[in-house]
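Please read the structure below before turning to the comments.
The values are calculated or read from the model by the stated rules, or taken from the named source; none is laboratory data. Here the structure is a predicted model, which means the values were calculated and not measured. Neighbour counts run over all protein chains shown; Cβ positions are idealised from the backbone, glycine included. Please note that ligands, DNA and RNA were not included when accessible areas were found on the heavy atoms of the full protein model with its side chains. Shrake-Rupley method; radii C 1.70, N 1.55, O 1.52, S 1.80 Å.
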Amino acid sequence: MRMYDLIMKKRNGETLSDEEIRFMIEGYVKGEIPDYQMAAMCMAIWFRGMTDEETSQLTLCMAASGDQMDLSGIEGVKVDKHSTGGVGDKTTLVLGPIVAACGGRVAKMSGRGLGHTGGTLDKLESIPGLSVAVNSEQFIRQVNEIGLCVAGQTGNLVPADKMLYALRDVTATVDSVPLIAASIMSKKLASGSDAIVLDVKTGSGAFMKTVDDSILLAQKMVAIGTLAGRRVVALITDMDTPLGHYVGNALEVQEASATLKGEGPEDLTEVCLILSANMLELSGKGTYEECLQMAKRAIADGSAFDKLHAMVTAQGGDARVLDDPKLFGQAPFVEELRAPASGYVQHIDTEGCGIAAAMLGAGRERKEDSIDMLAGLYLAKKEGDPVQEGDVLARLYTCESEKMEQAKQKLLSCYRIGSDKPNTLPLILAKVTKDGVERYDIRS
Ligand code: URA
């Protein structure tokens, strides 16, 4: 078999066989197939797509390319959640503790931010002392003891994805439905949970910009997970505007912590409650309605906040910062962005906000860059809010003053202010299960 022939086959729109996909992934991970040939294949897939069978085979081969977690030492249904990536997306820090407080078992492998999207591991590492490098023994013990562990992937989990993702990132082949589906589901299958809730983000801050494309991606991922014997549900959630008011690592931990105390913004609270209820339902804790009420009670009675405390402490972090956010410290350079005109905030370019936060130091441009944990944004005004000329639209935080001006200009360009109040869309736009699609909007 020759990689050259497989590239030509896909370029011509033909279907690759199971053996051909296995040959390609095994050869790539062993270093026998060079990056330039795999890059050509990714581009051929981007243009030609893959059948469901090809996407499933790609996922299974990628999942089998390294270690697979054995979670059989954890009692009960192990439930995981994966977001396709967004701006201000701190949902894991809120729903993990809620689900654990309701008796769920959250065994969560998270990732880092890259480009305009944030990553849970970076957010957690803003907590002094906290380690996300948890070995499998500790991982299992912690989930058994407190119901919750959020850790980084072990060294050799899905090496095929690590290599492919880095390659796609520099060859303009990230936003391909089969490649995203295989990337996400290979990691979910290898990390061993029984039940998976997929949070498929849609809109200007997401990789999938339309609801139709997001549904297509969700359907593929649900089908792959179901075929592999996992219980899977996908929710299509709004990422046309940032989630909550804060973007940036320590700032987002503070907002997540406030949300668990019942003092969070409405959009973040609602999305987290709905995702939690789906995770609990998949874990067999009751009907959707019962699970939703349970999740609300876990916030109201403080038990969810206590779980975050317990997880931070178990992973070596100083949990006092959750009680007193001032202990995080504040970035020394803070500036306000003021409204240039009166009217309504009609739209916020969410990818642009992620880029502005990264320009302040909250994200990386390259994998090896370090992060300014205190940098980021407070978005005082969001879509639909009325504003008067001169009102504070947002606040910018950084530890490096020279980064401020460019980021401020970038953020200003993200706000569109006009005289008409925009229509707001539901936060949850659709739900995809193995039985079909339920749509809650008409946007496409
Ligand atoms: N998140 C992933 O893990 N993989 C992708 O390809 C896109 C988002």
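What to note about this one:
- Positions within the range 203-241 being among the hydrophobic types (A, V, I, L, M, F, W, C) and either farther than 23 Å from L268 by Cβ or part of a helix (DSSP H, G or I) (or both), in sequence order: V211, I215, L216, L217, A218, M221, V222, A223, I224, L227, A228, V232
- Number of positions in the range 193-209 that are of a type outside the set (A, V, I, L, M), more than 12 Å from the ligand (Cβ to nearest atom) and closer than 13 Å to I236 by Cβ: 3
- Every condition in (1) open to solvent by 70 Å² or more (accessible area, probe 1.4 Å); (2) under 25 Å from the mean Cα position of the chain (by Cα) holds for E351 except the one numbered (1).
- Of the residues examined, Q37 is one that is modelled with pLDDT of 95 or more and either of a type in the set (S, T, Y) or open to solvent by 40 Å² or more (accessible area, probe 1.4 Å) (or both).
- Check on G86, in a loop (DSSP other than H, G, I, E, B) and either within 16 Å of the ligand (Cβ to nearest atom) or assigned by TED's automatic domain parsing to the domain that holds F207 (or both): yes
- Summed over the range 89-107, residues that are within 16 Å of the ligand (Cβ to nearest atom) and either closer than 17 Å to K285 by Cβ or acidic (D, E) (or both) total 1.
- Residue satisfying all of: in the range 270-315; open to solvent by 50 Å² or more (accessible area, probe 1.4 Å) and not in a helix (DSSP H, G or I); farthest from L148 (Cα to Cα) among these: T287
- Residue pairs whose Cβ atoms lie under 6 Å apart, sitting 6 or more positions apart in sequence or on different chains, and linking a residue in the range 248-266 that is crowded, with 24+ Cβ neighbours inside 10 Å to a partner that is among the aromatic types (F, W, Y), are A250/F328; E252/Y246; E255/Y246; L260/F305.
- Condition met for E26 (open to solvent by 50 Å² or more (accessible area, probe 1.4 Å) and part of a loop (DSSP other than H, G, I, E, B)): no
- If the condition is being open to solvent by 20 Å² or more (accessible area, probe 1.4 Å) and in contact with a Ser or Thr (Cβ under 6 Å, 6 or more places away or on another chain), then the range 166-206 contributes only S204.
- Taking the range 119-192 as the region of interest, the helices (runs of 4 or more DSSP H) fully inside it that hold 3 or more residues being within 16 Å of the ligand (Cβ to nearest atom) and either in contact with a Pro (Cβ under 6 Å, 6 or more places away or on another chain) or not assigned by TED's automatic domain parsing to the domain that holds V29 (or both) are 120-124, 159-169, 177-190.
Residue by residue, here is whether (1) part of a helix (DSSP H, G or I); (2) open to solvent by less than 40 Å² (accessible area, probe 1.4 Å) holds:
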| site | (1), (2) |
| --- | --- |
| D372 | no, yes |
| K381 | no, no |
| R395 | no, no |
| E402 | yes, no |
| P422 | no, yes |
